Protein chains: 2
Amino acid sequence: MSSNPSSTVHIDLGDRSYDILIGGGLFDSLESYAAVPRSATALIVTNTTVGPLYAAQLHAALSQRHREVLEVHLPDGEEYKDWQTLNRIFDALLGHGCDRKTVLYALGGGVIGDMTGFAAACYMRGVPFVQVPTTLLAQVDSSVGGKTAVNHPLGKNMIGAFYQPQVVVCDLDTLETLPERELSAGLAEVIKYAPIADAALLDWLEAHIDALLARDRAALTHAIRRSCEIKAQVVGADEREAGLRAILNFGHTFGHAIEAGLGYGEWLHGEAVGCGMVMAADLSARLGLIDAATAQRLTRLIERAKLPVVGPALGADRYIELMRLDKKSEAGEIRFVVIEQLGRAGVRPAPDALVREVIAAHTG
Amino acid sequence: MSSNPSSTVHIDLGDRSYDILIGGGLFDSLESYAAVPRSATALIVTNTTVGPLYAAQLHAALSQRHREVLEVHLPDGEEYKDWQTLNRIFDALLGHGCDRKTVLYALGGGVIGDMTGFAAACYMRGVPFVQVPTTLLAQVDSSVGGKTAVNHPLGKNMIGAFYQPQVVVCDLDTLETLPERELSAGLAEVIKYAPIADAALLDWLEAHIDALLARDRAALTHAIRRSCEIKAQVVGADEREAGLRAILNFGHTFGHAIEAGLGYGEWLHGEAVGCGMVMAADLSARLGLIDAATAQRLTRLIERAKLPVVGPALGADRYIELMRLDKKSEAGEIRFVVIEQLGRAGVRPAPDALVREVIAAHTG
């Protein structure tokens, strides 16, 4: 569609290294897939929203690399991120006699990326896969880290694997069709990187939030690139999520409780994270780590990104019950990601009373 | 119960190294689990056959290491090696709020080991697990290699992961209650190692097959140890199953076709492999790699181990259709593990006509 500011972030993981390509006109260009094995068969996994928009173009491009290109169109939505839907991918693979060299292409948002990656991790104990994230959230969040998963009725992303793609193709063209609400949800994960890792990014975001909402390509490229770089830095130090990596879950402990409490699909993941960050920033302030003005500054940016800053009234007991199921919990103790100073985060428990104050102040 | 010949095989996989302990009186001894993290919670996964025999003893031992020890008893049989049964493990873990440090203990045969290992690989993207294999087959086959999986209606072990245990405890006491038919099935996997990797083991097996059937502990210890050593050697050279490791599937291409063709659970896995080895040896002879007498010698040993040497009459077309789904297949071409000379195996395709001759000669 256009020649735009474009960028490559290299993720260095030894023999599992890969590139993240960021720019316009990428997803249907053969060059983008140069690093992918030329297997006989490929399977495009997409959903019923994204598929009609982009699957034909991707299919045409991949037909020049793979003898047989198959497609499976899954229902759209977090509520389908389950075993049953995952099995439709396996059914397609086995129904077509796909062998262990088959390449899976994830064309869609985070749900498609997570499920396709997990299917690739498990099919015949591992086949190659490619991420073509079509939402801003997926571009900044799923591009780095190798996290794949499905949900369980009792918890989000409880069943999954760490598994790396061959390449990630972040095409800005696909953001043109993204609903505004989803654009904002993606910005939540971009904003997240400022308080936990890069104070300067907070200044930049305050100056460019309107450009980002207007889908300015230079601004988007910078935001995606910077998010991927920061995430890569954090993950590189801690691939298997033993410690440091947990700071990437800033806003997610409260956020997951919101998502689980309302039922998945009610709020977008990014919306829950946006509101969760407001709560986590306030908790950091109440713990005396940052001043109230800093928490307020972050809240204001989240609001300007058109994200919710007031959580649903689930009641403090329910919030706490749900947060105890969080993967960071240890022996029933909830561990929160907090801002230790602007640009640096840590993980720690918090007094129950303080957590209840935060919930009371930001729900209703 | 007794102090017996005991043995340890160390599996060297860098930071995923572990020991295989072989002997009597091991599974309910705390010392066996010295290498396992002392987490707050542990889950014993067993089945309704093995659980009543050994779960209480294991539970009592583990209660000294973990504050809370849970149990889940799954239905027994290959036909339950599926998503649905796997989910019962996740239900138990999530229903009890188990965190990512929870240790899973697989107490049972290969099905329990494969499912528990896969559940451990996937639960919160990976928790530690321990193998306590209670069948000879599981002791020699699941102890090394990190293969975990569940079946799919269209193929065996199609969904899984490579995932290593903390320790494998092969207790000869648990073989005392093993039905004769399952003892023979286990011997099939022991016999397998002779033609593919160790000609001297074939002599030893011919001399000790009756002692093994009589559950002589010295003979069993040697057979389990030697099997694990050979498997470790092969797997060590090829952890992710790129090439060499495929020779461990000697007899399995025909064997899986028998299992899938009859429906899982009709024949035991080891029985199918036993008969599959007869067919694969004959194929090797027809390809001119070994003489007919060598194939005959192997067939005779398999027969003495009380394993079937004649396959079900599924028809050659059905055998070939099923074998094409084998994970070793590439772009629809079946690849067979063949004996290149006694003690050395290779993987190659074979002319259709020859495969049909083999099927005709050994089914009915």
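Each value in this text was obtained by applying a stated rule to the coordinates, not by laboratory testing. Predicted model only: the values in this text are computed from it and were never measured. We place every Cβ from the backbone using ideal geometry, glycine too, and count neighbours over all the protein chains shown.
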| query | In peptide A:121-129, what is the residue-averaged number of other protein chain Cβ atoms found within 10 Å of each Cβ? | reply | 6
| Calculated [θ] (222 nm, deg cm²/dmol) that DSSP helices of n ≥ 4 give over chain B, each run adding -39,500 (n - 2.57) | -14000 deg cm²/dmol
| Tilt relative to chain A, helix A:110-122 - C-alpha long axis, 0 to 90 degrees, to 10 | 60 degrees
| message | Once you order the gyration tensor axes a ≥ b ≥ c over the Cα atoms, which shape class does region A:74-214 get: rounded for a/c under 1.5, otherwise prolate or oblate by comparing a/b with b/c? | response | prolate
| field | Projected label distance in nm at residue A:361 and residue B:60, using a 7 Å step from Cα toward the beta-carbon | value | 5.5 nm
| field | Using a 7 Å Cα-to-Cβ projection, residue A:292 label spacings across copies, nm, ascending | value | 9.6
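Got the relative contact order for chain A handy, in percent, Cα pairs under 8 Å and 6 or more residues apart?
On the way: 723 pairs, mean separation 55.1, N = 364.
Reported relative contact order: 15 percent.
For A:159-165, what's the mean count of beta carbons from other chains sitting within 10 Å of each residue's beta carbon? Intermediate results must be reported in sequence, preceding the final value.
Details: counts 11, 6, 6, 3, 2, 0, 0.
If you average over the peptide's residues, the count of other-chain Cβ atoms is 4.
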| field | Over 22 Å between alpha carbons, listed pairs A:192/A:306; A:101/B:192; B:81/B:306; A:101/B:156 | value | A:101/B:192; B:81/B:306
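Please sort B:142-149, B:209-216, B:250-257 by packing, taking for each peptide the average over its residues of neighbouring beta carbons within 10 angstrom, highest first. Don't jump to the answer; show the numbers that get you there.
Working: B:142-149: 23.8, B:209-216: 15.5, B:250-257: 27.4.
Packing order, densest peptide first, comes out as B:250-257, B:142-149, B:209-216.
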| query | Ranked by Cβ crowding within 10 angstrom, fewest neighbours first, how are A:277, A:115 ordered? | reply | A:115, A:277
| field | For region A:59-146: relative contact order, % (alpha-carbon pairs under 8 angstrom, 6 or more apart) | value | 24 percent
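From the Cα gyration tensor of region A:283-364, with a ≥ b ≥ c the square roots of its eigenvalues, which class applies: rounded if a/c is under 1.5, or else prolate if a/b is larger than b/c, or else oblate? Numbers along the way, then the final one.
Working: a/c = 1.81, a/b = 1.22, b/c = 1.48.
It comes out oblate by the Cα gyration axes.
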| Using only Cα atoms, what is the ratio of the radius of gyration of region B:138-213 to 2.2 N^0.38 Å? | 1.30
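How big is the Cα convex hull of the protein assembly as shown in projection, averaged over all directions, in nm²?
Value for the protein assembly as shown: 29.8 nm².
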| Reference-scaled alpha-carbon Rg (2.2 N^0.38 Å with N residues) for region A:73-134 | 1.02
| So what is the relative contact order for region A:75-194, in percent, with contacts set as C-alpha pairs under 8 Å and at least six apart? | 24 percent
| query | Can you list, shortest first and in nm, the gaps between the label point of residue A:57 and those of its counterparts in the other copies, using a point 7 Å from Cα in the C-beta direction? | reply | 6.5
| request: For an R0 of 25 angstrom, estimate the FRET efficiency from the Cβ-Cβ distance between residue B:40 and residue A:237 and round to the nearest 0.05. | output: 0.40
| If you count, for each residue, the other Cβ atoms within 10 Å and average over each peptide, how do A:11-22, B:336-347 line up from highest to lowest? | B:336-347, A:11-22
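Determine, for B:101, A:192, the number of other Cβ atoms within 10 Å of each Cβ, and report the residues in order from fewest to most. Before the final figure, lay out each step's value.
On the way: B:101 16, A:192 32.
Listed from fewest to most nearby Cβ atoms, that is B:101, A:192.
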| Fraction of antiparallel bridges per DSSP, the protein assembly as shown only, in percent to nearest 5 | 45 percent
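Given Cα positions, please report Rg to Rh for chain B, the hydrodynamic radius being the Kirkwood one. Let's see the in-between values first.
Numbers: Rg = 19.8 Å, Rh = 20.5 Å.
On the Cα set of chain B, Rg over Rh gives 0.96.
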| note | For residue B:345, other-chain or 5+-apart residues with amide H closer than 5 Å (H placed, Pro excluded) are B:340
| task | Using the 7 Å Cα-to-Cβ label point, sort the distances from residue A:180 to its equivalents in the other copies shortest first and give them in nm to one decimal. | result | 7.9
| field | Quotient of Cα Rg and 2.2 N^0.38 Å for region A:233-347, N being how many residues it contains | value | 1.03
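If you take the beta carbon distance between residue A:296 and residue B:67 as r and set R0 to 51 Å, what does 1/(1 + (r/R0)^6) give as a FRET efficiency, to the nearest 0.05?
On the way: r = 42 Å, r/R0 = 0.83.
Calculated transfer efficiency: 0.75.
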| query | Is the shape of region B:9-136 best called rounded, prolate or oblate, per the rule: a/c under 1.5 gives rounded, else a/b larger than b/c gives prolate, else oblate, with a ≥ b ≥ c the square roots of the Cα gyration tensor eigenvalues? | reply | rounded
| Cβ charges +1 (Lys, Arg) and -1 (Asp, Glu), total dipole of the protein assembly as shown, debye | 600 debye
| task | Treat every Asp and Glu Cβ in chain A as -1 and every Lys and Arg Cβ as +1, leave all other atoms uncharged, and give the resulting dipole magnitude about the Cα centre to the nearest 20 debye. | result | 520 debye
| query | Which ordering of A:122, B:98 is given by a fewest-first count of other beta-carbon atoms within 10 Å? | reply | B:98, A:122
| request: Putting +1 on Lys and Arg Cβ atoms and -1 on Asp and Glu Cβ atoms, find which of B:151, A:243, B:77 reaches farthest to the positive end of the dipole of the protein assembly as shown. | output: A:243
